[in-house]
Amino acid sequence: MPGALDGKRILILATNGFEQSELEVPRDRLKEAGAQVHIASPESGQIKGWDQKDWGRPVSVDKTLGDVREADYDALVLPGGQMNPDILRADETAVKLVKAFYDAGKTVAAVCHGPWLLVEAGIAKGKRMTSYKSIKTDVINAGAQWEDSQVVTDNGLVTSRNPGDLEAFCAKIVEEVREGRHQRRAA
């Protein structure tokens, strides 16, 4: 996998309350594959993760939400946790950014509660998806076909259920970005 994403740029969108492993594992795996990875957030400085049952470690923010553009990246990753995507789905700029990545035909990957942002951006309808089990009904009500699978991919949209799926989730992101499958959707 090293070098698989050389020259690629990937954005991770998160705020306070992201699930620790769901930001750190993709960040690290994508960097190991050669991608340049930036963390964007509505806040500057640092954001703090949630590590299973309590506050976790802070992560440095590379760019504020207002300073990022979809055109500068090849893919978008949306970590879960309950708080993080719930806060972001109420942020109009965050939702517009998710929609811009999708509309541009770029890989959009969401894990755990991250699919809430896909629902809010109006891109779940008609898609095969998975999510954390507690938001299954939300995903179905948004018009998606929900599956209880480790990772589900639908034309550049990559979703996973929980931290136990992260290795498969990261491998699928690498595959989608490396092979440029997302570009076929935009064509």
Region 127-138 - phi-based ³J(HN,Hα) in whole Hz, Karplus 6.51/-1.76/1.60, Gly and Pro as x: 9, 7, 8, 9, 5, 4, 4, 6, 10, 3, 5, 4
Cα-centred dipole magnitude for the chain, charges only on beta-carbon of K, R (+1) and D, E (-1), debye, nearest 20: 400 debye
ALA35 long-range amide H proximity, modeled H, under 5 Å: LEU5
Among beta bridges that DSSP assigns inside the chain, antiparallel share in %, nearest 5: 30 percent
Structure-derived Cα Rg over 2.2 N^0.38 Å - corresponding label in [x] 1.23; [y] 1.06; [z] 0.90: [z]
Estimated vicinal HN-Hα couplings, Hz - region 142-148 in sequence order (Karplus 6.51, -1.76, 1.60; Gly, Pro = x): 7, x, 7, 8, 7, 10, 8
For peptides 147-155, 13-21, sequence by mean Cβ density within 10 Å, most packed first: 13-21, 147-155
For GLN46, distant residues with modelled amide H under 5 Å away: VAL61
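Readers should treat all values here as calculations from the given coordinates under stated rules, not as data from a laboratory. Keep in mind that this is a model prediction, so the values were computed, not measured. Quick reminder, even Gly has a Cβ in these numbers, built from the backbone with ideal geometry, and neighbours come from all protein chains shown.
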